[in-house]
Amino acid sequence: MNELDALYQQIILEHAKARHGSPLAEHPAMSGESVSAQQHNPTCGDRISVRVDLDSDTVTQLAWEGEGCSISMASASVLSDLAAGMPLPELARLTEEFRELMRAKGAQVDVPEDLEDAAAFAGVSKFPARVKCAMLSWTAVEQALATRK
Ligand code: ZN
């Protein structure tokens with residue numbers, strides 16, 4: 001394992017343990033609008049519930065809870081950190097960047113800097129079965145936002 005892979009693995013393990021933004025009960029909805037969604041990844045057994053709190057078109061908080069593998073839980077934790085305070089168009093752009101990264105199939109790609117800790121999942125693209133784990137929370141957030149009236 002090279003140094004970068006080791007660093008990335010450490011970031012994933014730390015986030016899987018710390019779970020920023022989880023559980024939901026410890027992160028009550030903030031004033032304004034809230035939307036929720038659930039996602040299940042049958043291949044791995046991961047389950048996640050997300051709640052996105054919004055003030056007009058900016059995320060004020062991304063709270064979630066779930067159970068599953070380290071990759072799915074860590075990805076949700078990283079996303080919670082990234083999304084807080086982020087305008088929705090920027091979140092949509094970031095989600096596309098992350099999705100592109102997951103589609104790299106292990107190829108060496110330039111990781112956009114604004115993905116911050118989400119860059120740690122670059123290596124996951126080598127393992128098609130785990131891409132769903134990494135994408136689960138991102139997909140749940142997209143699904144929640146799609147329910148906005
Ligand atoms: Zn998983």
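The values are calculated or read from the model by the stated rules, or taken from the named source; none is laboratory data. What you see is a predicted model, and the numbers here were worked out from it, not measured in a lab. Here the Cβ positions follow ideal geometry from the backbone for every residue, glycine too, while neighbour counts run over all protein chains shown. Note: accessible area is taken over every heavy atom of the protein model, side chains too, but ligands, DNA and RNA are not part of it. Shrake-Rupley method; radii C 1.70, N 1.55, O 1.52, S 1.80 Å.
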Item to check | Residue-count net charge about G32 - beta-carbon cut-off 13 Å; Lys, Arg +1, Asp, Glu -1 | outcome: -2
Item to check | Rg [Å, one decimal], Dmax [Å, integer] - the chain, C-alpha atoms | outcome: 14.4, 47
Checklist entry - Which order, highest average first, do 117-123, 136-142, 35-41 follow once you tally other Cβ atoms within 10 Å for each residue and take the mean per peptide? => result 136-142, 117-123, 35-41
Item to check | Whole-number percent relative contact order across the chain, with pairs defined as alpha carbons under 8 Å at least 6 apart | outcome: 28 percent
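Keeping all protein chains in place, calculate the accessible area per residue for the chain (probe 1.4 angstrom), answer in Å².
52 Å²
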Checklist entry - Across 10 Å bins from 0, what is the distribution of all Cα-Cα pair distances for the range 1-48, in whole percents? => result 18, 33, 33, 14, 2
Next on the checklist: Taking the alpha-carbon distance from K17 and a cut-off under 29 Å, which lysines remain once sequence neighbours fewer than 8 residues away in the same chain are dropped?
Outcome noted: K105, K126, K132
Item to check | Probe 1.4 Å, all protein chains present, accessible-area order of C44, C69, largest first | outcome: C44, C69
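Quick check on the range 55-132: take the gyration tensor over C-alpha atoms, sort the square-rooted eigenvalues as a ≥ b ≥ c, and tell me if it's rounded (a/c under 1.5), prolate or oblate. Walk me through the intermediate numbers first.
Values: a/c = 2.47, a/b = 1.39, b/c = 1.77.
It comes out oblate by the Cα gyration axes.
In whole percent, what relative contact order does the range 19-87 give with Cα contacts below 8 Å and a gap of six or more residues? Could the numbers behind the result be given before it?
Working: 132 pairs, mean separation 24.0, N = 69.
35 percent.
Within 10 Å, count the other beta carbons around each residue, average over each peptide in 47-54, 11-18, and list them highest first.
On the way: 47-54: 22.5, 11-18: 16.9.
Taking the mean over residues of other Cβ atoms within 10 Å, the ranking is 47-54, 11-18.
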Checklist outcome for this item: Taking only the alpha-carbon positions of the range 34-75 as identical scatterers, the Debye log10 I(q)/I(0) at q = 0.14, 0.20 Å⁻¹ comes out as -0.36, -0.63
Next on the checklist: For a quick check: with amide H placed at 1.01 Å from N, whose amide H comes under 5 Å from H20's, ignoring anything fewer than 5 positions away on the same chain?
Outcome noted: none
Next on the checklist: If you count only protein heavy atoms and use a 1.4 Å probe, how large is the accessible surface of E100, to the nearest 10 Å²?
Outcome noted: 110 Å²
